[in-house]
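Novice: Could you have a look at this structure, given as structure tokens, before my questions?
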Amino acid sequence: MLRSVAFIIWLASWGGFCCFATAELPPESALPGQKRSLRKLPSEAQLPQGWQPTRDSRPGPDVPAESALPASMLASQVGDNGKQVQPAADQAAIPIGRPPAGLPWLRMNFDGHTGAIRAVRFTADGRRVCSAGDDKAVHAWSAPDRDAIQRGNWVHERAIRWQIERGPRGRIYALATRGDLLALAGHGATGRLGEILLVDPATGELKRALTDAQIGHQQVVTALAFASEGGQRRLASVDVTGRVVVWSEDPETGLWRAKQLVGSDVEVDGQDTAKSLEMARRVGAISFLGPEHVVVPRFAKHERTSSGRQVITWRLQRIHVQTGAAELLSAEGVHYRAISAMTASSNGAWLVSADLFGRLLFWDVAQDRVQVVRQGAATVALSLTPDGTRLAVGTTRSSRLNGNALVQVWDTRRIASPEIVSQHQTAADVMGIDIDPRGSRIAYAQSNALVVRDVASNRKPVSLRPPVRPVLRVAFAKDRPFYRLAFGSRKAARDSVALERTFDLRQVRLGDKNTIRDADWLSESGWKSDWELRTLLDSDKEVFSLFQGNQRRGQLPLDALRHGVPTATCWIPDANGKPYAVAVGTAGRNNIYVFELADEGICPLIRQFRGHEEAVRSLSVSRDLRYLASGADDATVRVWPLRDLRRDDAIVQRWGANFTIEGEELLIDSIRPDGPLFFRGMRLGDVIRRVRWREGDEINEAEGPDEILAALQTLAFDTLVVFEYQRQGIAQESFQSFAAWHPLASLFVAENREWAYWTPAGYYDASFGGHQLFGWQINQGLEQSPDFFLAEQFRKKLERPDVMRRLIDAGSAAEAFRDAKLQPPASEDKVVLNEYRLKPRITILAPQSGATINGSQLVVRAAIQVRAGLAIMPPKAFANGVVAASRRLVQERDVEGGHEFVYEWNMRLPSDRQVVLNVVASTDAEVADFASVLVDHELSASKSPRRMYVFAAGVNNYRDSQIQRLDYAVDNARSVVDVLARRAEPLYGNSAITLLDSRATRSLWRNVTAAYAETLRDRISPDDLLVFFLSGHGVRDASTGEYYFVTADARYADIKAERFEDCMSFSDFAAFAHLPCRKLVVLDTCHSGAFQTPQSQHDLKAAIRALQDDLVFTLTASEGNQEAAEDRQRQLGRFTFRLVEGLNGAADSPANGGNDDGQVRWSELVKYVTTAVVNDSEGTETVQRPTFGPANLLNYVELPLTSIRNKPTQ
């Protein structure tokens, strides 16, 4: 049984606490039981000492109890009856007539994991590696060919999604591969919790969902294993109850049939034994021995060590799939605590197993012999090559290794005497590992990073990780303006966390400062005075008590198993600065609880905040006491309302509303626009007709006004309540809600400074690429893959910088809309769903993802469905940014609820080895959809000559003297044209048009570009490149969002009056939009406030996004609120100097991240310029950070720009 609080804290910090019991928070009047013992907890759980492998076969006196299982291994908890314990706040839902498939779940969107990885698998050809874990998605990484694998050029291919819900439901604990199948399982989200999906890793296509109401898993699945190649396709699975199922495919029908091999622990060993195995079963291991036998852990007995500890012992049991005949393997092969991993050779001759006691067992199955090796740290991941000659091993961290873990590769050709071939220490537990079929490289998990390492070479390992880190510290500003936040993600000395970024919630702007003074920001302990929260043992049970000095005060009604473990605290003062409440963030439930301080007894719970996906790590109260900010492992900062925390009635603290009884009706007579019920659509005057809630297996209800009011006042905060209500006598749609408040807003900032700031309703503001960082998933049931869509697709409706800038002062989204003179949404929880219903749906019919295309042309075929009453706008198709030359409608028909159009595009492909094919469509409701497939491209030996067309404009001197003169804009344009003429010549035939100073007028620009676009219409090719370079002043029309380049003959008065007839419009680029070639726009334009006071990135952002909608590649000198500095020493703009330097060869240098192949490619130039310009601006008054896009094509487009015949000296 779980009794070690140190273990619970470690477990919760890893997010391994996937399920919690149904017991609720006790009533505020409840007192703790009689105290028999009281002591402080140990500081941390210790792993086994010593890491050198030793030959040993029996446990010594230091065998740790099974309650010390490492958190990162654990799946879910089982109850006394062997069934899954349902957590009150996440799974005790009451059906209300609406399927769970209809709800949008906000998800982050990155090329890689945002949560801990738990499972890793290579495909059979070694060209693809898949990983999965706590962020509830599989990520597939691929290399286009063997050369790319050797270079470590692994590219993110796709995210494969399955059904999810809040909390742990949707986490993936197990992967298995065979041929063209990838099996995934974990904490299911469809009711039975134990579904298994089979997908094609090359395409992401869902092949089959493995469920069986009688035989299949009803609980969380912890391990999977496919039978070896050659025979019937079989899959073995085990769940947290110990139940083992084998799934076999019928080769004629393709259906999979389930067969139970082992029943649950309750069925096999009885309830008492099953309960003692609960923790051990939260780690899983299973393996096939050849095609006909499965090996599973078998409980042996409980033993007591010399120190008196009880320990579970395990044996391995081999079971014949067809007959069910079972036998135990060698009696010498005993495991302790829990069997954590297992792997076997394809012929079943060799087997390796591991336990959490730190033992590796090497089995010669044919000879029934076993070799035991003692490791210092617990082994939690194993993988044998199919021929059994190489073994990959991953361990947990060990104090003997200064808190590091181990990655090992063993030579297992002689199973009786295995030897370590290579060994590396890692900073995080290695929860998943795999070795490719050839035994030449391994892939393993390091928190949210997937690391790929060569076995035989010393080449630097490749870390596949998005620019995402947990938020370990958050702080409000100490002085005005108060609504500024600072936050950090990296631990420094003594576990302190430095503040690294700032964000102004009022201006909705990411700060530019490179150094942040800690003294300018509030600390979590700022108002704590002499109060302290301590974790104690009381009657062998952990309790969380408040102390004032050394005097014990009230106790928090938190249970670690049900509500999570406290991981962050923040003391909330009254108007005089005296603490009266404490906010407690947790790991496990990931909620924030605000308790009133009490001198004795139970501290009353005032308010509950709910929204983080991972453990809360830091809390801060704003100086004016209106808001609480939190940072968490989910990499987000969230802002919560504290207004009227002391003044609101208890029922308002719960529901954000007050009620009155009139006759036989319970009415809402006041409601807060930032509260839980307002968010779900309830309004002043609504009548609550009935509420329902679950207690255990029973559903209770209250119908009379007195009963309803009493229930709403007394039900525990984490009770899920169903509301049925009326408005003006008309029944409204029922909904479910906790007495928990949503965040006012959430903020995410990536390491590359892309950011997004959004409300729970879905309204947002974002950086240049921030609208691609998050989106929503709609579950579609087990038989269909979920639908996922980005915020980008709804930006015309949901991106509302005007509302977001008013949000923090207004205190709610509804009030922010009113302050902006806009009508707020009728129901905030339905905003995204309503937009989703207007979205077209695109399905690419041909080619299929993963197909190989020979030649330079193909036909793309896609079906587009739109809802009845909506019109479709002309759809577009692209190949790595090259627009299709032609489009035709080939079929049109009515479908249920709407209309379907089938289009074909004739595509000419650029010379890239991997090509992303995109289809984009939108409706007249201004809601877009896009679909993409990734195909391999066999390049032709003969290549057509390429051409580069350069258009450059630069203005130093303006006709109107009121427009600030620039020094180096003309030189910028000349330098870019010159370097492209010299360096691009070996790759392209080059021609250039340059408009400088007085020649840079809109009329001349339009005439030249229109004539060129017409001339190029029939001669352009996919490998040709159009380059546009503009250097000068830039300005945005606030009324239309149109961006303009200020021409030499523009007038200051016209621009101030928002008359832009004489300026170059970005809409002029539309003349080139139809040309099937690559297009690159580079802007070194100044946004220093010559005409307007810059408030945000929005000035430049609108223009750049319009270009990127047509997959035009962009590179800008700065973010929209920054000045593009001029460098007098170099006599060029800071950005242009680095641009020219990169094109001259610096970007190709390995020292700068290049591949040293003699060509500067687009991806190399972007990396060099963005890094060098930022470094140049550090320590100066002019902070400058270039932007680029579209980011999602950067890894696929092999766009050469210049050739380096004589490489420059670095």
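Values in this text are rule-based calculations from the coordinates and carry no lab data. None of the values given here were measured: they were computed from a predicted structure. Neighbour counts are summed over all protein chains in view; Cβ atoms, including those assigned to glycine, are modelled from backbone coordinates with ideal geometry.
Novice: Mind checking the full-extension length gain between Gln728 and Arg414? Use 0.36 nm per residue of separation minus the Cα-Cα distance, one decimal, nm.
Specialist: 105.0 nm
Novice: Also: Modelling each spin label as a point 7 Å along the Cα-to-Cβ direction, I'd like the Gln823/Leu889 distance in nm, to one decimal.
Specialist: Rounded to a tenth, the inter-label distance reads 3.1 nm.
Novice: Then there is this: Given the rule -39500 (n - 2.57) for each run of at least 4 DSSP H residues, summed and divided by the residues of the chain, what is its mean residue ellipticity at 222 nm, to the nearest 500 deg cm²/dmol?
Specialist: -3500 deg cm²/dmol
Novice: Picking from Gln1131, Gly769, Gly263, whose Cα lies most toward the positive end of the charge dipole for the chain (charges on Cβ: Lys, Arg +1; Asp, Glu -1)?
Specialist: Value computed over the given set: Gln1131.
Novice: While we're looking at this one, here's another question. Mind ordering 761-772, 489-500, 549-560 by average Cβ neighbours within 10 Å, highest first?
Specialist: Ranked from most to least packed, the peptides come out as 761-772, 549-560, 489-500.
Novice: Could you grab the relative contact order for the stretch 761-843? Cα pairs under 8 Å, six or more apart, rounded to a whole percent.
Specialist: Once normalised by length, the contact order is 26 percent.
Novice: Among (i) 48; (ii) 42; (iii) 36, find the value of percent of Cα pairs over 47 Å apart that was calculated from the structure presented, and write down its label.
Specialist: Checking each listed value against the structure points to (iii).
Novice: Using θ = phi - 60° and the Karplus form 6.51 cos²θ - 1.76 cosθ + 1.60, what ³J(HN,Hα) does each residue of the stretch 207-217 get, whole Hz, x for Gly and Pro?
Specialist: 9, 6, 9, 9, 9, 7, 4, 9, 9, x, 6
Novice: Over the Cα atoms of the stretch 343-410, what Rg and Dmax result, in angstrom?
Specialist: Reported Rg and Dmax, both Å: 12.4, 40.
Novice: To continue, here is another question. Using the Karplus curve 6.51 cos²θ - 1.76 cosθ + 1.60 with θ = phi - 60°, what ³J(HN,Hα) values do you get for each residue of the stretch 1051-1063, in whole Hz, with x for Gly and Pro?
Specialist: Karplus values, whole Hz, x for Gly and Pro: 10, 4, 5, 5, 5, 4, 8, 6, 10, 10, 4, 8, 9.
Novice: For the stretch 754-834, how big is Rg over Rh, using alpha carbon atoms and the Kirkwood form of Rh?
Specialist: Result for the stretch 754-834 is an Rg/Rh of 1.02.
Novice: Evaluate the stretch 73-464: find the radius of gyration of its Cα atoms, find its Kirkwood radius, and give the ratio Rg to Rh.
Specialist: 0.94
Novice: Hey, which aspartates and glutamates would be in cross-link range of Lys1056, C-alpha to C-alpha under 13 Å, not counting anything within fewer than 8 residues on its own chain?
Specialist: Asp960, Asp1037
Novice: Ok, one more. Ranking Lys460, Lys1056 by Cβ neighbours within 10 Å, fewest first, what do you get?
Specialist: Neighbour counts put them in this order, fewest first: Lys460, Lys1056.
Novice: Another question, then. Over the chain, what relative contact order in percent results from Cα pairs under 8 Å that are six or more residues apart?
Specialist: The normalised contact order for the chain reaches 8 percent.
Novice: Exceeding 30 Å between C-alpha atoms, which entries from my cross-link table qualify? They are Lys1079/Lys1167; Lys830/Lys1167; Lys943/Lys1167; Lys460/Lys1079.
Specialist: Check vs 30 Å cut-off fails for Lys830/Lys1167; Lys460/Lys1079.
Novice: Taking the stretch 507-542, which trypsin sites (Lys or Arg not before Pro) meet the DSSP loop condition and have no more than 15 other C-beta atoms within 10 Å?
Specialist: Lys513, Arg517
Novice: Within the stretch 698-753, report the GluC sites (Glu not before Pro) that DSSP leaves as loop and that have at most 15 other Cβ atoms within 10 Å.
Specialist: Filter output for the stretch 698-753: Glu703, Glu733, Glu751.
Novice: More than 19 Å apart: what percent of Cα pairs in the stretch 841-938 qualify?
Specialist: It works out to 39 percent of all Cα pairs.
Novice: Do any of Lys796/Lys821; Lys478/Lys528; Lys136/Lys796 go past 21 Å between their Cα atoms, and which?
Specialist: Pairs exceeding the cut-off: Lys136/Lys796.
Novice: So which GluC sites (Glu not before Pro) in the stretch 293-353 end up in coil per DSSP with only 16 or fewer other C-beta atoms within 10 Å?
Specialist: Answer in residue order: Glu332.
Novice: For the stretch 467-543 and the stretch 1126-1162, write down the distance between their C-alpha centroids in whole Å.
Specialist: 38
Novice: Continuing with this model, one more query. How big is the gap, in Å, between the Cα center of the stretch 885-952 and the Cα center of the stretch 114-186?
Specialist: Each part reduced to its Cα centre gives a spacing of 27 Å.
Novice: Using r as the Cβ-Cβ distance of Asn854 and His1074, and R0 as 25 Å, what FRET efficiency do you calculate, to the nearest 0.05?
Specialist: So the FRET efficiency works out to roughly 0.40.
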